[in-house]
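Accompanying notes for the structure given below.
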Amino acid sequence: MRYIDKLSLMAAALSAAVFLSACGGHKEGVQGSSADISTSEEISEAAAVTAAPELSETYPGTVAATDGTGAFSSDFGIMHATVLGIQPDKETGINIYNLQDKTDTENTWSIPANQIGSIEAEMTPGGEVAVAFSGDMINDYENVQFIAVIPEGNYLISSVTGTTLVNVMSTFSVKTDNGEEMTFLKDNCKIEEGAMTGDSGERISVYYAQSADGTNYPLAVYKAE
């Protein structure tokens, strides 16, 4: 179960965070795209139609993902944010991060640290970070899941299919179908049940965000046929 709350800046300044219970969202009948899309550019017309043809608005750079059978799984995206503040919860002591979305500066997200899959960036008030997420940020923000907080920068969201070469505690490597070898930092991304159960030799599809320096942050791993 994840607890997140989207508050106005005024409300965030006057009161403590109020958390809303949320679990993974689901949308029907949407097919995904494996094309690279830069989060620093507007989503292409083709990607927008693919991601959510029934919606009037989508979050910039959002990519619709499919699982190994080709069925719609989730939307993935990157939120570029400023860390407004950090405060511990009075009851649990868990840090709550107040993040201002640069594309929606009138609102902040108040997120407990234990509701973020992995924190790979320094969280300093006034600092800037990128937040990888799954879900519909605009139309169903209460059910958005935060996969990882990563260093600020330009990212490409893409996908590859291939066979695992190495699967260890902190990383895994894949030989893609076009012969390229790719290594991924293993964080708390979504891993489909039955995918990557062994040390190597398994067919998988990986959705990931790639930084300008070539670091690959996985968003989801699916079994591939």
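The values are calculated or read from the model by the stated rules, or taken from the named source; none is laboratory data. Here the structure is a predicted model, which means the values were calculated and not measured. Here the Cβ positions follow ideal geometry from the backbone for every residue, glycine too, while neighbour counts run over all protein chains shown. Please note that ligands, DNA and RNA were not included when accessible areas were found on the heavy atoms of the full protein model with its side chains. Shrake-Rupley method; radii C 1.70, N 1.55, O 1.52, S 1.80 Å.
Quick one: in the range 176-187, of everything that is closer than 23 Å to residue 154 by Cβ and open to solvent by 40 Å² or more (accessible area, probe 1.4 Å), which residue is farthest from the chain's Cα centre (by Cα)?
180
If you scan the range 159-175, which residues turn out to be open to solvent by 10 Å² or more (accessible area, probe 1.4 Å) and of a type in the set (Ser, Thr, Tyr)? Don't jump to the end; show me each part of the working.
Initial filter on the range 159-175 (open to solvent by 10 Å² or more (accessible area, probe 1.4 Å)): 159-161, 163, 165-171, 173, 175.
Once the filter is applied, which keeps residues that are open to solvent by 10 Å² or more (accessible area, probe 1.4 Å) and of a type in the set (Ser, Thr, Tyr), the range 159-175 yields 159, 161, 163, 170, 171, 173.
Whether any residue in the range 190-203 is open to solvent by 60 Å² or more (accessible area, probe 1.4 Å), within 20 Å of residue 73 (Cα to Cα) and modelled with pLDDT of 95 or more is what I want to check.
For the range 190-203, residues open to solvent by 60 Å² or more (accessible area, probe 1.4 Å), within 20 Å of residue 73 (Cα to Cα) and modelled with pLDDT of 95 or more: present.
Given 194, 153, which one is in a loop (DSSP other than H, G, I, E, B) and more than 30 Å from residue 126 (Cβ to Cβ)?
After applying the criteria, what remains is 194.
Among 116, 138, 86, which is the only one that is of a type in the set (A, V, I, L, M) and buried (at least 21 other Cβ atoms within 10 Å of the Cβ)?
116
Is it the case that the range 104-113 has a residue that's part of a strand (DSSP E or B), modelled with pLDDT under 95 and of a type in the set (Val, Ile, Thr)?
Yes - at least one qualifying residue is present in the range 104-113.
Checking the structure you have, find out if any residue of the range 94-104 is under 21 Å from residue 206 (Cα atoms) and either touching a residue at least 24 places away in the same chain (Cβ under 8 Å) or of a type in the set (Gly, Ala, Ser) (or both).
no
Residue 158 - would you say it is in contact (Cβ under 8 Å) with a residue 60 or more places away in the chain and in a strand (DSSP E or B)? If you could, list the steps in order and put the result at the bottom.
Values: in contact (Cβ under 8 Å) with a residue 60 or more places away in the chain: yes; in a strand (DSSP E or B): yes.
When the stated conditions are applied, residue 158 passes them.
For residue 106, state whether it is out of contact with any Ser or Thr (no Cβ under 7 Å at 6 or more places or on another chain), exposed (fewer than 15 other Cβ atoms within 10 Å of the Cβ) and of a type outside the set (Val, Ile, Thr). Steps first, please.
Working: out of contact with any Ser or Thr (no Cβ under 7 Å at 6 or more places or on another chain): no; exposed (fewer than 15 other Cβ atoms within 10 Å of the Cβ): yes; of a type outside the set (Val, Ile, Thr): yes.
The answer is no for residue 106.
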